[in-house]
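Report on one structure; see the data block that follows.
Please treat every number below as a calculation from the coordinates, not as lab data. Source: prediction; values computed, not measured. Positions of Cβ are generated from backbone atoms using ideal geometry, with glycine treated the same way; all protein chains shown enter the neighbour counts.
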Amino acid sequence: MWPEHTGIPLGDGSGVSYYVMEIHYDNPKLTGGIVDNSGLRLLYTEKLRKYDAGIIGAGHKVSPLMIVPPKHTWKTVAHCSGYCTQTVRLFQV
């Protein structure tokens, strides 16, 4: 949940064209019988919040230039300096 004084703009005049819900699964052992019960609860109000919240995604994009080793799994590591996040206030992971 967002803090009470924050929200994500929604609807006409918000400047937002679309929202994306993205889920990634990891089942390297291909275990069967797993059921996903995740979902989304969207709460909205006409009362504007003091601050607009946002989401930051960090990491590497997939590129054909990435050399994938001949393995079943591998890691790609990314780093972000403190400069790029100095104005960001993180309250939930």
Exercise for review: Be a star and scan the range 6-27 for residues whose amide nitrogen sits under 15 Å from the point 7 Å along the Cα-to-Cβ vector of Lys61.
Suggested key: none
Check your understanding: Which ³J(HN,Hα) values in Hz, rounded to whole numbers, follow from the phi angles of the range 11-18 under the Karplus curve 6.51 cos²θ - 1.76 cosθ + 1.60, where θ = phi - 60° and Gly and Pro get x?
Key -> x, 4, x, 7, x, 9, 8, 7
Review point. Can you list the lysines whose alpha carbon sits under 26 Å from that of Lys29, skipping same-chain ones fewer than 8 residues off?
Key: Lys61, Lys71, Lys75
Point to revise | Within straight-line cross-link reach of Lys47, aspartates and glutamates at Cα separation under 19 Å, skipping those fewer than 8 residues along the same chain | key: Glu4, Asp12
Exercise for review: Pull up all non-local amide H partners of Ile8: gap of 5 or more, or a different chain, and H-to-H distance under 5 Å with H placed in the peptide plane.
Suggested key: Ala53
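What's the exposure ranking of Arg89, Arg41, Arg49, going from fewest to most Cβ atoms within 10 Å?
Ordered by Cβ neighbours within 10 Å, fewest first: Arg41, Arg89, Arg49.
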